[in-house]
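Student: Sharing a structure with you now.
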Amino acid sequence: MFDYTVVHWMAFLSTAVLLNLSPGPDIAFILGQTLRHGRQKGLVAMLGSWTGASLHVVMAAAGLSAILATSALAFSIVKWVGAVYLIWLGIRMLLSRGDAFISKEGAGDVSKHSIYWQGVLVSALNPKVAIFFLALLPQFVVEGAGPVGAQLFLHGSLIIFVAAFIEPPLIMMGARLGDFLKRNRQVGLWMDRGLGAVFISLGMRLAASKQ
């Protein structure tokens with residue numbers, strides 16, 4: 001079972017690295033939480049994002065993602081919920097006073113549990129991710145290498161495993177940037193506005209996406 005060639009693994013791992021380096025809601029959320037609350041809660045946000053991604057992997061392996069690919073109603077519901085959530089996050093950033101990225105008194109009161117579930121939602125409420133997994137993972141299914149569902153689950157899980165080597169260093173750099181922003185409030189203000197605009201644009205792009 002799972003008998004693949006070296007060429008197969010090279011192609012897959014290259015794809016996984018590029019996928020994890022691509023900017024998107026997950027990375028934006030993780031870095032935002034790191035800058036605002038510090039390294040520990042940035043890691044919690046990352047774990048939440050991985051959990052949401054894992055749901056997509058399970059869905060792809062079970063064939064449930066096909067529902068989003070074929071049902072206009074299911075796709076629209078998940079799409080609009082995800083879009084509204086991202087836009088809401090963006091508006092909160094735009095309305096901040098330049099301290100959304102700065103650990104401050106009271107900021108530590110935000111529970112890790114809350115941040116974790118926000119990370120799950122940001123990742124899970126993106127139907128394009130589900131459809132992307134459904135379109136990408138079958139490309140690496142090899143006849144005779146094992147049950148199709150098991151192969152899909154293996155490759156999807158490995159994409160998240162690759163993220164474990166990419167996202168933690170970003171969090172470490174983000175934590176240092178947070179210290180810099182404490183001393184430069186005007187830079188923090190523009191960072192708030194910038195990331196707020198990113199979240200809103202990601203939400204609008206998701207809302208405008210078609211099945």
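The values are calculated or read from the model by the stated rules, or taken from the named source; none is laboratory data. Since the structure is predicted, the reported quantities are computational estimates derived from the model, not experimental observations. As a convention, Cβ positions derive from the backbone with ideal geometry for all residues, glycine included, and neighbour counts pool all protein chains shown.
Student: Spot the failing condition for SER103; the list is (1) modelled with pLDDT of 75 or more; (2) more than 21 Å from the chain's Cα centre (by Cα), and only one is missed.
Tutor: (1)
Student: To continue, here is another question. Name the residue, out of LEU35, LEU47, LEU68, that is hydrophobic (A, V, I, L, M, F, W, C), modelled with pLDDT of 75 or more, assigned to a helix (DSSP H, G or I) and closer than 21 Å to GLY203 by Cβ.
Tutor: The unique qualifying residue is LEU35.
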